[in-house]
Structures are given as structure tokens and as C-alpha cells.
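See below for the structure under consideration.
The values are calculated or read from the model by the stated rules, or taken from the named source; none is laboratory data. Just so you know, these numbers come straight off a predicted model, no measurement behind them. Here the Cβ positions follow ideal geometry from the backbone for every residue, glycine too, while neighbour counts run over all protein chains shown. These area figures cover heavy atoms from the full protein model, side chains too; ligands, DNA and RNA do not enter into them. Shrake-Rupley method; radii C 1.70, N 1.55, O 1.52, S 1.80 Å.
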Amino acid sequence: MSDGDEKYWYNLATGNVEFGMISPSADRVGPFDTEAEAARAPEKLQERSRAWAEEEAAESGWDTPPSNRGAE
């Protein structure tokens, strides 16, 4: 039995929280220590996605107005 069998997972296909690695890995997000954490998976994914997009935009200069680009 692997460690993931003793954790909670969020199933992206069904929207359900599962205990253990029941669903195919392509449908699972996790692992999480608690059922409540797993239930918040969609929110966490959205938060992380937004943060990554903001970071990428800053690194690429997409967050700088066109008039300020290359003014260095």
C-alpha cells in the first residue's frame, strides 16, 4: 500500500472527494491530508493558476503598459 492510499484526493471528473487512489491518475488532484482540504481543491487550483499567470506576466513584461516597455 502506498502513502497515497491513506490520503484524500479530489476527483476532477466527478467533483467528489475520495479516500485513497480510487480514480485514474488523470482525474485525481492531491493528495491531501484531510477531506476538507481535498474539497477545496478547485479553489486552490484556481488560486495557484492565477498566481502563476501573474508571475509569468510580470516576468514577460505583460503587466507593464506599452509606453513603459523598453524605457530602461
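Using heavy-atom solvent-accessible surface (probe 1.4 Å) with all chains present, what is the largest-first order of 7, 44?
44, 7
Suppose accessible area is computed on protein heavy atoms with a 1.4 Å probe; arrange 59, 37, 54 from highest to lowest.
These residues rank, largest area first, as 59, 54, 37.
Report ³J(HN,Hα) in whole Hz for each residue of region 35-40, in order, from the Karplus equation J = 6.51 cos²θ - 1.76 cosθ + 1.60 where θ = phi - 60°; Gly and Pro get x.
Running phi through 6.51 cos²θ - 1.76 cosθ + 1.60 with θ = phi - 60° gives 5, 5, 4, 4, 5, 8 Hz.
If I model a spin label at residue 6 and residue 52 as a point 7 Å from the Cα along the Cα→Cβ vector, what separation in nanometres do I get?
2.9 nm
Can you put 29, 17 in order of accessible area, largest first, using a 1.4 Å probe?
Of 29, 17, the descending order of accessible area is 17, 29.
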